[in-house]
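Beneath this line is the structure, given in C-alpha cells, with notes to follow.
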Amino acid sequence: MAYCYTIDSDLCKGCGLCVSVCPKDVLEISNEINTKGYYPAYQARAQDCIRCTMCCIMCPDVAITIVKKDECGQPNMVEAK
Ligand code: SF4
Ligand code: SF4
C-alpha cells in the first residue's frame, strides 16, 4: 500500500517534537525558514519511514498528514512507498 506523507511547512513551528519521537530517525529540522519565520521539520530520510504515525500524533499544530495514496487530494503531498 502506498501512502502520501506531508508536512505542511507553513503550519510547522519547528518545535522538534516530531523529530524527537520518530523511532526511525527520519525527520530533521530544515535550514530554510517558512512563511511564519520558523525552521520547519522535513523528512530527511523518507525511505526509512514506517508510517507509525507517532509524528502526526505528537505534532501540536497538526502539520503532518499520512493518508493512503487513494486519498491523496493535495498537490503538495509526497508519495511514500
Ligand atoms: S510516521 Fe513514524 S517513522 Fe515515519 S516520520 Fe513519522 S514518526 Fe518517523
Ligand atoms: S511537531 Fe509539528 S510543529 Fe513541531 S516540528 Fe514537527 S511538524 Fe513542526
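All of the numbers you see were taken from the coordinates with simple rules; none came from a lab. Fair warning: this is a prediction, and the values are worked out from it, not measured in the lab. Cβ atoms come from the backbone with ideal geometry, glycine included; neighbour counts cover every protein chain shown.
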**Message:** Anything in the stretch 46-66 that is within 12 Å of Pro23 (Cβ to Cβ) and either under 9 Å from the mean Cα position of the chain (by Cα) or assigned to a loop (DSSP other than H, G, I, E, B) (or both)? List them, or say none.
**Reply:** Cys49, Ile50, Arg51, Cys52, Thr53, Cys55
**Prompt:** Restricting the stretch 62-74 to residues that are surrounded by 14 or more Cβ atoms within 10 Å (Cβ to Cβ) and not small (Gly, Ala, Ser), which is farthest from ligand 1 (Cβ to nearest atom)?
**Reply:** Cys72
**Request:** Quick one: in the stretch 14-39, of everything that is of a type in the set (Val, Ile, Thr) and not in a loop (DSSP other than H, G, I, E, B), which residue is surrounded by the fewest Cβ atoms within 10 Å (Cβ to Cβ)?
**Result:** Val21
**Asked** Restricting attention to the stretch 1-49, which residues are over 16 Å from Cys59 (Cβ atoms) and either free of Cβ contacts under 8 Å to residues at least 24 places away in the same chain or more than 13 Å from ligand 1 (Cβ to nearest atom) (or both)?
**Response** Met1, Ala2, Asp25, Asn31, Glu32, Ile33, Thr35, Gly37, Ala44, Arg45
**Request:** Scan the stretch 2-13 for residues that are more than 7 Å from Ala41 (Cβ to Cβ) and assigned to a loop (DSSP other than H, G, I, E, B) and report the count.
**Result:** 6
